[in-house]
1. Could you please find all residues in the range 41-97 being modelled with pLDDT of 85 or more, among the small types (G, A, S) and open to solvent by less than 70 Å² (accessible area, probe 1.4 Å)?
2. Which condition breaks for G148 when tested against (1) open to solvent by 40 Å² or more (accessible area, probe 1.4 Å); (2) within 19 Å of A187 (Cα to Cα)?
3. Give the number of residues within the range 116-155 that are touching a Pro at 6+ places or on another chain (Cβ under 6 Å) and closer than 19 Å to T67 by Cα.
4. Of the residues that make up the range 99-120, is at least one in a strand (DSSP E or B) and over 14 Å from the mean Cα position of the chain (by Cα)?
5. Which is out of contact with any helix residue (DSSP H, G or I) (no Cβ under 7 Å at 6 or more places or on another chain) and within 26 Å of P59 (Cα to Cα), of G123, G139?
6. Could you count how many residues in the range 170-197 are assigned to a loop (DSSP other than H, G, I, E, B) and either at pLDDT 95 or above or open to solvent by less than 50 Å² (accessible area, probe 1.4 Å) (or both)?
7. Restricting attention to the range 121-169, which residues are in a strand (DSSP E or B) and among the polar types (S, T, N, Q)?
8. Residues being aliphatic (A, V, I, L, M), in contact (Cβ under 8 Å) with a residue 60 or more places away in the chain and open to solvent by 20 Å² or more (accessible area, probe 1.4 Å): count how many of those fall in the range 98-114.
Amino acid sequence: MNQTGKWVTIAVLTTAGVFAFACGGGGGASSGATTPSASAPASATATASASVATAATAPANPPLVVTAMKLVLPKSAPIELKDDGSIVADGKTLAKFSGAELVDADGKTLVTVAADGNVDVIGGKHAKFDDKDALAIGGGTIHIGDDGVITLIAPGGAPDKMSGKAKFTGFKPTARRAATVLFAAMASRTVSVSPPAATAGPAATAPGKK
């Protein structure tokens, strides 16, 4: 994966919202002699068949609504969301919305948004949209107003110090979930998404070259 592709993987929703799963073991002792037989393979086959049937009948997550807009962040070049779902900075495609997912530049799924508002993130992190499309994550909340301004509530209920300092221009409320996922993916690397644009001189020197 190239460097810009790696950015989204590293940056996506860096919170403490990781779920731990306990696998309960537990079989009781049998009252008679054990008899290795075809029952175990048959049981495994039945379980596999049920899983396939469940997967086949489970409804697909509805695609996220995406509209063209720009994310304006302090001390960073704007990040553009295009109508086709591409997320672009400095002319480079960093990621893309595809259906109900955010995928990286190589097509790897980073975030999946379910119809019920549950959000699953690479690495086992989790978040959830409420009925107003505010995103509860890591004990805090991200909400984008109809004017595109991003409100951040820290764990404990107080406004975060960065609340109101970033916004989407061209924002449409129908695309609130996609915009919120995009902002959450950006939040941990606000300054270093891309190098600052050159302000003078005929051409900028590439990093590491003289």
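1. A68, A77, G85, S86, A89, A95
2. (1)
3. 1
4. So in the range 99-120, the residues in a strand (DSSP E or B) come out as 101-104, 109-113, 118-120.
Applying the additional criterion that residues be over 14 Å from the mean Cα position of the chain (by Cα) yields none.
No, the range 99-120 contains no residue that is in a strand (DSSP E or B) and over 14 Å from the mean Cα position of the chain (by Cα).
5. Values: G139 fails: within 26 Å of P59 (Cα to Cα).
Step by step, each of G123, G139 is checked, and only G123 is out of contact with any helix residue (DSSP H, G or I) (no Cβ under 7 Å at 6 or more places or on another chain) and within 26 Å of P59 (Cα to Cα).
6. Residues of the range 170-197 assigned to a loop (DSSP other than H, G, I, E, B): 170-172, 190-197.
Subsequent filtering for residues that are either at pLDDT 95 or above or open to solvent by less than 50 Å² (accessible area, probe 1.4 Å) (or both) retains 170-172, 190, 193-194.
Total satisfying the criteria: 6.
7. The answer is T141, T151, T169.
8. Of the range 98-114, the ones aliphatic (A, V, I, L, M) are 100, 102-103, 105, 110-111, 113-114.
Cutting the leftovers down to in contact (Cβ under 8 Å) with a residue 60 or more places away in the chain gives us 102, 105, 110-111, 113.
Then drop every residue that is not open to solvent by 20 Å² or more (accessible area, probe 1.4 Å), which leaves 105.
Matching residues across the range 98-114 total 1.
The values are calculated or read from the model by the stated rules, or taken from the named source; none is laboratory data. Please read all numbers here as calculations on a predicted model, not as lab measurements. Cβ coordinates were reconstructed from backbone atoms using ideal geometry, including for glycine residues, and neighbour counts include every protein chain displayed. Areas reflect the complete protein model, heavy atoms only, side chains present, ligands, DNA and RNA absent. Shrake-Rupley method; radii C 1.70, N 1.55, O 1.52, S 1.80 Å.
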